[in-house]
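**Student:** Here you go, one structure.
The values are calculated or read from the model by the stated rules, or taken from the named source; none is laboratory data. In this text the structure is predicted, and so the values were computed from the model without any measurement. Note that we place each Cβ from the backbone using ideal geometry, even for glycine, and neighbour counts take in every protein chain shown. The protein model used for the area step is the full one, side chains on, heavy atoms only, and it has no ligands, DNA or RNA in it. Shrake-Rupley method; radii C 1.70, N 1.55, O 1.52, S 1.80 Å.
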Amino acid sequence: MIRVLVLDVDGTLTDGGIYYDSTGNEVKKFAAKDGAGLLIAHAAGIRVVICTGRECEAVRRRASDLKITDIYQNVGKKAPFLERFFAENGYAKEEIAYCGDDINDLAAMNLCGFVACPADATDLILDRADYVCARRGGEGAVREAVQKILQEDGRWKAAVQATFGVPLD
């Protein structure tokens, strides 16, 4: 059973674009559907971890909005960082899911029991993934990955009901 979901940001939670406003602040577009999926994951008892190679205040803000407390930015080499994180927290490979889109995610993906990626991920990632989402990064791919994980182990309906009060029977 998946206990932790690691997420890349650029190209996974966002469309991969890097936008600057007129004052030089970085701006990102996040999908509301992904936010709903992450709330559902939390209700199912999945620990959500954001692990990204860049630093951006918008990522901190989005994580705060979604009550995600495990947010790690400026992580240049994700695999060694996550290997320590998993060991320190007692996670076995089969309890870890990862959703990412590009080559910098590949080594980290190899530490995980389930790997998902957006439809527009790079070819190496599309080939590596256990599940390729129909949606693109920043357009609901993360929510789709969460649904796939929770449907596979039977937690989807209860987690949706717990999150939104909507029975799916």
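**Student:** Val27's amide H: which non-local residues (gap 5+, or another chain) put their own amide H closer than 5 Å, with H modeled 1.01 Å from N in plane and none for Pro or chain starts?
**Tutor:** Tyr19, Tyr20, Asp21
**Student:** Another question, if that's okay. Assign one of three labels to region 33-97, namely rounded, prolate or oblate, based on the Cα gyration tensor with a ≥ b ≥ c the square roots of its eigenvalues; rounded applies when a/c is under 1.5, prolate when it is not and a/b is larger than b/c, and oblate otherwise.
**Tutor:** Details: a/c = 2.37, a/b = 1.12, b/c = 2.13.
In terms of gyration-tensor shape, oblate.
**Student:** Just the number, please: carbon plus sulfur as a percent of the accessible area of the chain, 1.4 Å probe, no ligands or DNA/RNA counted.
**Tutor:** Values: 4050 of 8190 Å².
The computed percentage sits at 49.
**Student:** Right, here's the next one. Hey, can you grab everything whose amide H is under 5 Å from the amide H of Arg47? Only 5+ residues off in sequence or another chain; H modelled, so Pro and N-termini drop out.
**Tutor:** Residues meeting the amide H criterion: Val4, Leu5.
**Student:** Turning to a different aspect of this structure: Along Cα→Cβ, 7 Å out, is where each label goes; now give me the distance between the ones at Leu126 and Lys67 in nm to one decimal.
**Tutor:** 3.7
**Student:** In nm, to one decimal, how far is the Asn110 label point from the Leu168 one, both placed 7 Å along Cα→Cβ?
**Tutor:** Taking the simple label geometry, Asn110 and Leu168 are separated by 3.4 nm.
**Student:** Quick one: 3J(HN,Hα) in Hz for region 125-137, Karplus 6.51/-1.76/1.60 with θ = phi - 60°, rounded, Gly and Pro as x.
**Tutor:** 6, 4, 6, 7, 5, 6, 9, 9, 5, 6, 8, 7, x
**Student:** Would you kindly derive the ³J(HN,Hα) couplings of region 63-74 from the backbone phi angles with the Karplus curve 6.51 cos²θ - 1.76 cosθ + 1.60 (θ = phi - 60°), listing them in order in whole Hz, with x for Gly and Pro?
**Tutor:** Result, ordered by residue: 4, 4, 4, 9, 6, 8, 9, 8, 10, 10, 10, 6 Hz.
**Student:** Check which residues have an amide H placed less than 5 Å from Asp70's amide H, if you skip close sequence neighbours.
**Tutor:** Ile50
**Student:** If you don't mind, another one. Could you tell me the relative contact order of the chain? Use alpha-carbon pairs under 8 Å, at least six residues apart, and round to a whole percent.
**Tutor:** Rounded, it is 29 percent for the chain.
**Student:** Convert each backbone phi in region 86-103 into a coupling constant with the Karplus relation 6.51 cos²θ - 1.76 cosθ + 1.60 (shift: θ = phi - 60°), then list the ³J(HN,Hα) values in order as whole Hz, x for Gly and Pro.
**Tutor:** Working through the residues one at a time gives 5, 5, 5, 9, x, 8, 8, 3, 5, 9, 10, 10, 9, 10, x, 9, 9, 4 Hz.
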